[in-house]
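The values are calculated or read from the model by the stated rules, or taken from the named source; none is laboratory data. Computed from a predicted structure; not experimentally measured. Virtual Cβ from ideal backbone geometry, glycine too; neighbours counted across all protein chains shown.
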Amino acid sequence: MFKKIMKGGHKKPSKSDASDPAAAAYAAANRNMPAVPSPNVVVNHASRGTGGAAPPSSGTAMPLVPTPGAMEPLPPFRDTPVADRQNLFLRKLHICCYVLDFSDTLKNVREKEIKRQALMDLVDFIQSGSGKMSEHCQEEMIRMISVNIFRSLPPASHENTGQEPTDPEEEEPSMDPTWPHLQLVYELLLRYVVSSDTDTKIAKRYIDHSFVLKLLDLFDTEDPREREYLKTILHRIYGKFMVHRPFIRKAINNIFYRFIYETERHAGIGELLEILGSIINGFALPMKEEHKLFLVRALLPLHKPKCVSMYHQQLSYCITQFVEKDFKLADTVIRGLLKYWPLTNCQKEVLYLGELEEVLEVTQAAEFQKCMVPLFRQISRCLNSSHFQVCR
């Protein structure tokens, strides 16, 4: 099921992989995953966004505001001598640092087309692998990407109106009007990360912990198209940059903790769980204590929020993966489900029963006997439920 939702990617083995069984298992689990999808699907809360955070590179770049005549079209790479392409690459990056106003479709029409064409040329240049970029070009490219994607996210609909928050399932996603440019910026970042020409030793200087944190902040966007790109990119970063793996897991944990115990509102929990489903699939045995604590302290409590139905399919997959990896965790998982079993929400009970069935299918007899008494007590209560779906 998960392979249909989550598209992974290849990664180059590094020296550290050879001595890390978890890394080797992760690589094996994702070796045959298909090529990167082209995401389809927007916009987020200023109170939960990045606050217009500055780019991670050493020289902080601010968005440029175009003045009349500031943006002029540049020739395509194919019409430029090879020796001049690095310089042309930098000039196109400079054009793409202009952040244009998409609130008015009639404003900056010429400049928008010039920037769109420059972004398309940059994506094609990276994808073609026609030339290895210098370190300076890589630094400037990450700076341009940061200027465009790291921004304050728009407030949620209930924050705009001052009304009480509604059910997230009933809310219409807010679509970012800047997506025609934003999509190309994300595509450029994705192609850079997956490119075989990208040297991780150099790239990690710019795709650092600060950059990763800001990417994770953007998962709270309401635009599903942006979340799809973020999911794919972060998954590829996890696969390619070994040094970032513990940090990424810890940062996702912190997002879950804040969601569970403070806000109960976050648009990207499902996408983060999809990434984790692939990560869990690569855990080596015996499982580290860190991973077991993550199951108990983050994954199982994710059953608590009212909006669990929004991400329950991905959550159930992650939970089942743990039991499949280590059958001894079945008792912990089943008791965890019983601990968070809903008392008055029949729809959640139906979800829990379905998840419980999947867990029991991979549970061995010895583990089942440890929890069968409290389990059957809960099942008996379900049989006496007045809700027809629960009692069936």
Quiz item: Applying the selection to the stretch 197-237, what residues are over 9 Å from the mean Cα position of the chain (by Cα), of a type in the set (S, T, N, Q) and over 11 Å from residue 138 (Cβ atoms)?
Solution: 200, 210, 221
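Count, please, the residues in the stretch 200-231 that happen to be outside any helix (DSSP H, G or I) and either of a type in the set (Val, Ile, Thr) or touching an Asp or Glu at 6+ places or on another chain (Cβ under 9 Å) (or both).
Summing the residues that are outside any helix (DSSP H, G or I) and either of a type in the set (Val, Ile, Thr) or touching an Asp or Glu at 6+ places or on another chain (Cβ under 9 Å) (or both) in the stretch 200-231 gives 6.
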Quiz item: When both residues are 6+ apart or on different chains and their Cβ atoms are under 8 Å apart, which pairs have a first residue that lies in the stretch 103-114 and is within 20 Å of residue 185 (Cβ to Cβ), and a second that is surrounded by fewer than 11 Cβ atoms within 10 Å (Cβ to Cβ)?
Solution: 114/72
Quiz item: Applying the selection to the stretch 304-320, what residues are in contact with a helix residue (DSSP H, G or I) (Cβ under 7 Å, 6 or more places away or on another chain) and part of a helix (DSSP H, G or I)?
Solution: 307, 308, 309, 310, 312, 314, 315, 316, 317, 318, 319, 320
Exercise. Could you give me the residue pairs with C-beta distances under 8 Å whose first residue belongs to the stretch 79-95 and is under 13 Å from residue 137 (Cβ atoms), whose second residue is among the aromatic types (Phe, Trp, Tyr) wherever it lies, and which are 6+ apart or on separate chains?
Key: 85/77; 85/125; 88/77; 89/77; 89/125
Quiz prompt | Criterion: in contact with a His (Cβ under 7 Å, 6 or more places away or on another chain) and surrounded by 14 or more Cβ atoms within 10 Å (Cβ to Cβ) - qualifying residue of 368, 294, 283, 322 | solution = 283
Quiz item: Could you count how many residues in the stretch 89-139 are modelled with pLDDT of 90 or more, within 18 Å of residue 64 (Cβ to Cβ) and not hydrophobic (A, V, I, L, M, F, W, C)?
Solution: 12
Quiz item: Do we find that residue 357 is closer than 20 Å to residue 311 by Cβ and in a helix (DSSP H, G or I) in this structure?
Solution: yes
Quiz prompt | Failed criterion for residue 324 (all others in (1) over 28 Å from the mean Cα position of the chain (by Cα); (2) closer than 19 Å to residue 276 by Cα; (3) among the acidic types (Asp, Glu) hold) | solution = (1)
Exercise. Kindly indicate whether any position in the stretch 368-376 is touching an Asp or Glu at 6+ places or on another chain (Cβ under 6 Å), assigned to a loop (DSSP other than H, G, I, E, B) and farther than 30 Å from residue 220 by Cβ.
Key: no
Exercise. List every residue pair whose Cβ atoms lie under 6 Å apart, where the two residues are 6 or more positions apart in sequence or sit on different chains, the first residue falls within the stretch 195-214 and is closer than 14 Å to residue 243 by Cα, and the second residue, located anywhere, is among the aromatic types (Phe, Trp, Tyr) and crowded, with 17+ Cβ neighbours inside 10 Å.
Key: 200/241; 204/241
Self-check item: Odd one out for residue 266 among (1) crowded, with 18+ Cβ neighbours inside 10 Å; (2) in a helix (DSSP H, G or I)
Solution: (2)
Exercise. Kindly check whether there is at least one residue in the stretch 328-344 that is over 25 Å from residue 376 (Cα atoms) and either basic (Lys, Arg) or surrounded by 18 or more Cβ atoms within 10 Å (Cβ to Cβ) (or both).
Key: no
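Within the stretch 150-169, is even one residue at pLDDT 95 or above and either surrounded by 20 or more Cβ atoms within 10 Å (Cβ to Cβ) or in contact with a strand residue (DSSP E or B) (Cβ under 6 Å, 6 or more places away or on another chain) (or both)?
Yes, the conditions are met somewhere in the stretch 150-169.
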